[in-house]
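Structure provided below as structure tokens; questions to follow.
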Amino acid sequence: IHMKKFILACFVVSTIIACSPKTETASTFVVPADINSYNLDSSANIDLVKKMITAFEAGDSVTYRSCYADSAIFHDNGTDMTLDQNVVLFNYFKSNGVSVKMEKVDPIWEIVNKEASPNGVTNFVMSFQHTIYKKGDKEVKVIVSVVNGIKDGKIVEEWDLYNTKPMLDLMNQK
């Protein structure tokens with residue numbers, strides 16, 4: 001009879017625990033003193049980069065531009081450019097009859113550094129953007145490795161690395 005009471009007590013306690021609200025939140029995370037950085041798999045900065053990607057895919061230069069600081073610097077395959085120079089790509093694709101579709105963005109994560117870079121950035125979103133460029137009935141897939149430096153809710157610096165040959169071959173097709 002004692003065993004039945006014990007099992008019943010365990011059942012009651014486990015039911016109460018299972019139904020209790022969870023009080024642990026992300027804000028309880030404390031960065032250990034002995035690390036230089038940590039990673040996040042979801043954040044407002046990741047959402048900002050996803051918003052930028054969606055705007056790029058849609059050819060929405062207004063929303064795209066709103067994701068960046070006016071003074072943003074791009075390092076596109078080692079070529080430095082301003083935000084205005086980067087936005088010109090929207091017209092370039094359109095005038096060449098090329099549409100852009102984001103097949104997937106995977107993986108994507110944020111690195112939060114304890115120490116800021118020389119331009120004051122501590123937050124970097126890393127992503128691999130699997131992009132399909134289509135012209136007529138031809139299409140090419142290009143994986144773009146992107147690092148977005150984010151400060152005060154805006155992308156302030158971006159590094160992109162990708163193979164340009166398939167894109168150029170597609171654009172040069174009649």
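Every number in this text was worked out from the coordinates using simple rules, so none of it is lab data. Keep in mind the model is a prediction, meaning the values are calculated, not measured. Reconstructed Cβ throughout: ideal geometry from the backbone, glycine too, with neighbour counts over all protein chains shown.
Residues in segment 132-144: is at least one surrounded by fewer than 17 Cβ atoms within 10 Å (Cβ to Cβ), under 30 Å from residue 30 (Cα atoms) and among the β-branched types (Val, Ile, Thr)?
Taking every residue of segment 132-144 in turn, none turns out to be surrounded by fewer than 17 Cβ atoms within 10 Å (Cβ to Cβ), under 30 Å from residue 30 (Cα atoms) and among the β-branched types (Val, Ile, Thr).
Here's another thing I want to ask about it. Looking at the structure I just gave you, is residue 119 touching a residue at least 12 places away in the same chain (Cβ under 8 Å), within 16 Å of residue 45 (Cβ to Cβ), touching a strand residue (DSSP E or B) at 6+ places or on another chain (Cβ under 8 Å) and exposed (fewer than 14 other Cβ atoms within 10 Å of the Cβ)?
On the way: touching a residue at least 12 places away in the same chain (Cβ under 8 Å): yes; within 16 Å of residue 45 (Cβ to Cβ): yes; touching a strand residue (DSSP E or B) at 6+ places or on another chain (Cβ under 8 Å): yes; exposed (fewer than 14 other Cβ atoms within 10 Å of the Cβ): yes.
Against the criterion (touching a residue at least 12 places away in the same chain (Cβ under 8 Å), within 16 Å of residue 45 (Cβ to Cβ), touching a strand residue (DSSP E or B) at 6+ places or on another chain (Cβ under 8 Å) and exposed (fewer than 14 other Cβ atoms within 10 Å of the Cβ)), residue 119 qualifies.
Quick one: in segment 129-174, of everything that is in contact with a Lys or Arg (Cβ under 9 Å, 6 or more places away or on another chain) and of a type in the set (A, V, I, L, M, F, W, C), which residue is nearest to residue 52 (Cα to Cα)?
By that ranking, first place goes to 132.
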